[in-house]
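Since the structure comes first, as structure tokens, the remarks are kept for the end.
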């Protein structure tokens, strides 16, 4: 069965610092991997997705993620945090041929001034 | 237009009430989804419609009844809910490429409180 694990339910960084949100996946077949962001009282917005075209995926708002098969990881990074990045971030996996998306537990990002 | 709209934004209902949540998209997507999200938890898939046919039902209790009248609309009919059903209900849509890494577009959700 496919699953994702997000390490750290809360991450706190200073404004301007590197953002690193960790995600490890479990899948017996090549997965499709996603990062979504959810701001308070809103729905989810896609940041980026991996579909095997390239291992380094660039997304919106300066975020990027690198697919590492050897480490079964898909960590999300941003070089310089902004106050507006404070939100809940979800890593998710979908298996080929299925519509079912499995979300990780989420990581709340706090950005300190 | 990359927007998924949901109405109402907030809903308070008693356990004997019947209500409906509505979702609409005009992106030409042929797959539509209902998710339930409890506070501080990830979304949990409830139903998926593909080309207006129910494709996935994640063993959801029958007090939740989905309906897809056409390719742009998705309803969730609620009846005899329990207080534990209080949550944020999210609708999403995707192009429907046979489940090949579908990008889902989410609506803002309906926050439901069952008294």
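FYI, it's all coordinate maths here, none of it is from the lab. Quantities reported herein were computed from a predicted structural model and do not represent experimental measurements. Glycine gets a Cβ as well: all are built from the backbone with ideal geometry, and neighbour counts include every protein chain shown.
Take every DSSP beta bridge with both residues inside segment B:1-71 and express the antiparallel ones as a percent of the total, to the nearest 5.
Bridges in segment B:1-71 that DSSP calls antiparallel: roughly 100 percent.
With the contact rule set at Cα under 8 Å and sequence spacing of 6 or more, what percent relative contact order holds for chain B?
On the way: 292 pairs, mean separation 41.9, N = 115.
Averaging sequence separation for qualifying contacts and normalising by length gives 36 percent for chain B.
Which whole number gives the average count of other chain Cβ atoms within 10 Å of the Cβ atoms across peptide A:71-77?
0
Taking each residue in B:102-108, count the Cβ atoms of any other chain within 10 Å of its Cβ, then average. What number comes out?
Numbers: counts 7, 6, 10, 4, 7, 3, 4.
Per-residue shielding by partner chains comes out at 6.
Of the listed peptides A:42-49, A:62-69, what is their order by residue-averaged count of other C-beta atoms within 10 Å, with the highest listed first?
A:42-49, A:62-69
For a quick check: sort A:23, A:91 by the number of other beta carbons within 10 angstrom, fewest at the front. Before the final figure, lay out the partial values.
Details: A:23 24, A:91 30.
Fewest to most other Cβ atoms nearby, the residues stand as A:23, A:91.
Using the Kirkwood radius built from alpha carbon pairs, what does the Stokes-Einstein equation give as D for segment A:1-105 at 37 °C and 0.692 mPa s, in µm² per second?
After rounding, the answer is 235 µm²/s.
Considering Cα pairs under 8 angstrom that are at least six residues apart, work out the relative contact order of chain A and quote it in whole percent.
Numbers: 287 pairs, mean separation 42.6, N = 113.
It rounds to 38 percent for chain A.
If you scale each eigenvalue of the Cα gyration tensor by 5 and take the root, what three semi-axes come out for the protein assembly as shown, rounded to whole angstrom and sorted largest first?
Semi-axes from the Cα gyration tensor: 30, 21, 15 Å.
Label residue A:71 and residue A:28 with points 7 Å out from Cα along Cα→Cβ: what is the distance between them in nm?
According to this spin-label approximation, the distance is 2.7 nm.
What's the ranking of A:50-59, B:27-36 by average number of surrounding C-beta atoms within 10 Å, highest first?
B:27-36, A:50-59
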